[in-house]
Amino acid sequence: MVTKIGLDLGYANITLSDTAAGIYREPSVALMDKNTSRILSLGTEATEKASEGGVLVRPFKNGLLYSKEMTGAVIGNAINAVLPAEKLRATLGLPSSILPRQEKELYEMMLDSGVAECYGVHRAMAALIGAGYSPSLCAISVNVGASATEIMVLHNGSILLENTAQIGGEDFDRAVKSYISDQGDVSVSLSVAAAIKERLGAVWQGKPSESIDIEGTLSLTGNRVTMNLTTEDVVGVFEKPLSRLLLEIADIVKKIPLDYVKDIFENGIVLTGGGALLFGLDRMIERILEIPVVLPADPMDSVAKGLSRINNFLPARMRGQSKDITAQLAKLYEARKENAK
């Protein structure tokens, strides 16, 4: 029996997708002993034990490898969540900016974790497929992750342009954290800032007004204080990261050859990733760039779902193991459709 999985190695989470078992998510984090650098625990357990001591470290920096040993441990921890099988075949989400050496190391780690076959797919392509589209589509895929945004322009299955922009959901979280600090010299954690963003944040009109109380720490005294925030309070907070994101997308769009613009703009932008959940982001991009924007029903898991779907339309036997198959996907997908007739 072959178990086919998709594995998205995100800065914030590792998301594992199996078309039969569904989605499994684990924080991509390790708890390290600050004196010996020994790994104390991984994933969810690491976040739960962080208050007991140690240092929480994320092995993926801007979507790239940070530590081979730590990354291997975090990957292995997620893989072990899969039910035992005679053989594991994985499709692995890759940032477009990954270096050949780093890609090779990733494949080695996957094999060490018990994966028999492993194929890499760029995240922007996987996200498009996870959102329910064909890799032969003419469109722009924009996947807003925690620390980086993957942008890809496709025309009839060919990749015209691609870029990894160093702007993501955590930049919007930091904007909230900075705003609260500026209002009353009050410090909150990045996780609290993220929760505020999810509850109150918006970059377009129409979000219902809400009010929440948050706890923070006065920077000068260290005393705990309570603040009340409303939806109206955080209007305009996201201006700087939003401008950066829009500029990155616009920079790719303006490079599209004129002969392809009509075809690509017909479908426009498919917006995915956890960062895409910021209220009104799709409408803001659509209005500013004057390009249709589609936000799928489950943008956060689009990459992982796409990787799993890709694994299921790949041939039972592939030529060569451990390689990037992004550029081949349209051809493989069409061949599978033809064989199914």
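The values are calculated or read from the model by the stated rules, or taken from the named source; none is laboratory data. For clarity, every value in this text was computed on a predicted model and none was experimentally measured. Cβ placement follows ideal geometry from the backbone for every residue including glycine, while neighbour counts extend to all protein chains displayed.
Of note:
- Summed over region 313-341, the residues that are more than 17 Å from Lys4 (Cβ to Cβ) and crowded, with 19+ Cβ neighbours inside 10 Å give a count of 2.
A quick yes/no check of all residues on (1) loosely packed, with under 15 Cβ neighbours inside 10 Å; (2) at pLDDT below 85:
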{"site": "Asp8", "(1), (2)": "no, no"}
{"site": "Gly22", "(1), (2)": "yes, yes"}
{"site": "Glu26", "(1), (2)": "no, yes"}
{"site": "Thr36", "(1), (2)": "yes, yes"}
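- Filter pass, Val235 being touching a residue at least 12 places away in the same chain (Cβ under 8 Å), touching a Gly at 6+ places or on another chain (Cβ under 7 Å) and β-branched (Val, Ile, Thr): no
- Among all positions in region 221-240, there is at least one residue which is in contact with a strand residue (DSSP E or B) (Cβ under 6 Å, 6 or more places away or on another chain) and hydroxyl-bearing (Ser, Thr, Tyr).
- Taken residue by residue, region 200-218 has no member that is loosely packed, with under 12 Cβ neighbours inside 10 Å and under 24 Å from the mean Cα position of the chain (by Cα).
- Residue within region 134-144 that is surrounded by 22 or more Cβ atoms within 10 Å (Cβ to Cβ), touching a residue at least 24 places away in the same chain (Cβ under 8 Å) and under 29 Å from Glu69 (Cβ atoms) present: yes
- Consider region 55-82 and keep the residues that are closer than 18 Å to Thr44 by Cβ and part of a loop (DSSP other than H, G, I, E, B). The one that is modelled with the highest pLDDT is Arg58.
- Taken over region 285-297, the criterion of being within 12 Å of Val142 (Cβ to Cβ) and either surrounded by fewer than 18 Cβ atoms within 10 Å (Cβ to Cβ) or of a type in the set (A, V, I, L, M, F, W, C) (or both) is satisfied by Ile285, Leu289, Ile291, Val293, Val294, Leu295.
- Every listed requirement among (1) more than 27 Å from Arg58 (Cα to Cα); (2) assigned to a helix (DSSP H, G or I); (3) within 21 Å of the chain's Cα centre (by Cα) is met by Pro135 save one, (2).
- Index of the failed condition, Ala250 passing every other in (1) assigned to a helix (DSSP H, G or I); (2) surrounded by 15 or more Cβ atoms within 10 Å (Cβ to Cβ); (3) within 21 Å of the chain's Cα centre (by Cα): (2)
- For region 273-284, a residue qualifies if it is part of a helix (DSSP H, G or I) and small (Gly, Ala, Ser), and the qualifying residues are Gly274, Gly275, Ala276.
- Taken as a whole, the structure leaves Arg287 outside the set of residues that are assigned to a helix (DSSP H, G or I), within 20 Å of the chain's Cα centre (by Cα) and not assigned by TED's automatic domain parsing to the domain that holds Ile180.
- Candidates in region 38-52 are the residues that are surrounded by 15 or more Cβ atoms within 10 Å (Cβ to Cβ) and among the small types (Gly, Ala, Ser); of these, the one that is nearest to the chain's Cα centre (by Cα) is Gly43.
- Residue in region 302-312 that is surrounded by fewer than 22 Cβ atoms within 10 Å (Cβ to Cβ) and in the same structural domain as Arg25 (by TED's automatic domain parsing) present: yes
- Ala90, sole failed condition from (1) in a strand (DSSP E or B); (2) at pLDDT below 85; (3) crowded, with 22+ Cβ neighbours inside 10 Å: (2)
- Test: residue in region 265-284 that is over 20 Å from Leu137 (Cα atoms), surrounded by fewer than 15 Cβ atoms within 10 Å (Cβ to Cβ), touching a strand residue (DSSP E or B) at 6+ places or on another chain (Cβ under 7 Å) and not assigned by TED's automatic domain parsing to the domain that holds Gly10: no
- Any hit, region 299-310, residues being more than 20 Å from Thr91 (Cα to Cα) and either assigned to a strand (DSSP E or B) or at pLDDT below 95 (or both): no
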